[in-house]
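S.K.: Below you'll find the structure I mean.
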Amino acid sequence: MFTGIIQSVGKIAAFEARGDDARMRIAYGKLDMSDVNTGDSIAVSGVCLTVVEHSAAGFAADTSGETLSRTTLGRLHNGDAVNLEKALTLSTPLGGHLVSGHVDGVGVVVNRREVARSVQFRIKAPEALAKYIADKGSVCVDGVSLTVNVIHGAEFEVNIVPHTLTETTLGLIKAGSEVNIEVDLVARYLERLMLGERAAQRGSEITRELLVQHGFIK
């Protein structure tokens, strides 16, 4: 688990293709690796990866074909910046929200607009994720915990303050950039729980009738 509070901006040092998989080597910037061991988890731009090697220069992690195709990691090149966060511990302040590091989909930045000293992004999420993104709710974008300000169908707006712009990769993104999106995990589990016994059936899904039955709509 993670919090969505980025601890360092690292860089892709090497991308080694290994069949359908790949091994990524990442320079970890100012991330404190003194307590990191092989087998530990580190979120890389929102994707939970397992440390398989580490040294004074950085760490290596293997990425499956599924991860490369379902996230932005497969589009990265040597030198590209990535957000880094070590796994949550019992003594870690929960400054953001609970993040699993399991990316739900890739969104596209529709617009970037300067608002006073901050930057406002409008991001289009995959349509299947729209129902999980709530006004004033939490969303994780490239590993960063953010609050949703406005919703327009499958598009949502977030406001990035100056500190976040300088301490994460969000200051580098622009209109057309792709970003990893993880929705609030509570929303995903709530949907599944509402299905009850129907969850074991193939093709089970949330319907209008089910929402009426549980009092969500009239």
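The values are calculated or read from the model by the stated rules, or taken from the named source; none is laboratory data. This one's a predicted model, so the numbers in the text were calculated from it and none came from an experiment. A quick note on method: Cβ atoms are made from the backbone with ideal geometry, for glycine too, and the neighbour counts reach across all protein chains shown.
S.K.: Can you name the number of the only condition in (1) within 29 Å of Asp21 (Cα to Cα); (2) in a strand (DSSP E or B) that Gln120 fails?
M.R.: (1)
S.K.: Let me ask another. Restricting attention to the stretch 121-156, which residues are in contact with an Asp or Glu (Cβ under 6 Å, 6 or more places away or on another chain) and either among the aromatic types (Phe, Trp, Tyr) or closer than 14 Å to Ser177 by Cα (or both)?
M.R.: Within the stretch 121-156, Arg122, Lys124 qualify.
S.K.: Within the stretch 97-109, is even one residue outside the structural domain of Ser45 (by TED's automatic domain parsing), over 30 Å from Asp21 (Cβ atoms) and of a type in the set (Val, Ile, Thr)?
M.R.: No, the stretch 97-109 contains no residue that is outside the structural domain of Ser45 (by TED's automatic domain parsing), over 30 Å from Asp21 (Cβ atoms) and of a type in the set (Val, Ile, Thr).
S.K.: Does the stretch 58-69 contain at least one residue that is outside the structural domain of Cys140 (by TED's automatic domain parsing), part of a loop (DSSP other than H, G, I, E, B) and not small (Gly, Ala, Ser)?
M.R.: no
S.K.: Out of Val52, Val36, report the one residue that is surrounded by fewer than 16 Cβ atoms within 10 Å (Cβ to Cβ) and β-branched (Val, Ile, Thr).
M.R.: Val52
S.K.: Just one of the numbered conditions (1) among the hydrophobic types (A, V, I, L, M, F, W, C); (2) at pLDDT below 95; (3) assigned to a loop (DSSP other than H, G, I, E, B) is not true of Val103; which one?
M.R.: Of everything listed in (1) among the hydrophobic types (A, V, I, L, M, F, W, C); (2) at pLDDT below 95; (3) assigned to a loop (DSSP other than H, G, I, E, B), Val103 misses just condition (2).
S.K.: Can we say Asp35 is at pLDDT 95 or above, at negative phi and of a type in the set (D, E, K, R)?
M.R.: No, not satisfied.
S.K.: Of all residues in the stretch 95-138, which are more than 24 Å from Leu84 (Cα to Cα), small (Gly, Ala, Ser) and touching a residue at least 12 places away in the same chain (Cβ under 8 Å)?
M.R.: Across the stretch 95-138, the qualifying residues are Ala128, Ala130, Ala134.
S.K.: Would it be correct to say that Ser45 is surrounded by 18 or more Cβ atoms within 10 Å (Cβ to Cβ) and within 18 Å of the chain's Cα centre (by Cα)?
M.R.: So Ser45 passes the test.
S.K.: Okay, next question. Is at least one residue of the stretch 178-186 surrounded by fewer than 17 Cβ atoms within 10 Å (Cβ to Cβ) and under 21 Å from His102 (Cα atoms)?
M.R.: yes
S.K.: For the stretch 86-100, enumerate the residues that are farther than 20 Å from Leu68 by Cα and part of a strand (DSSP E or B).
M.R.: Lys86, the sole residue that qualifies.
S.K.: Check Lys174 against each of (1) loosely packed, with under 15 Cβ neighbours inside 10 Å; (2) part of a strand (DSSP E or B) and name the one condition it does not meet.
M.R.: All conditions are met except number (2).
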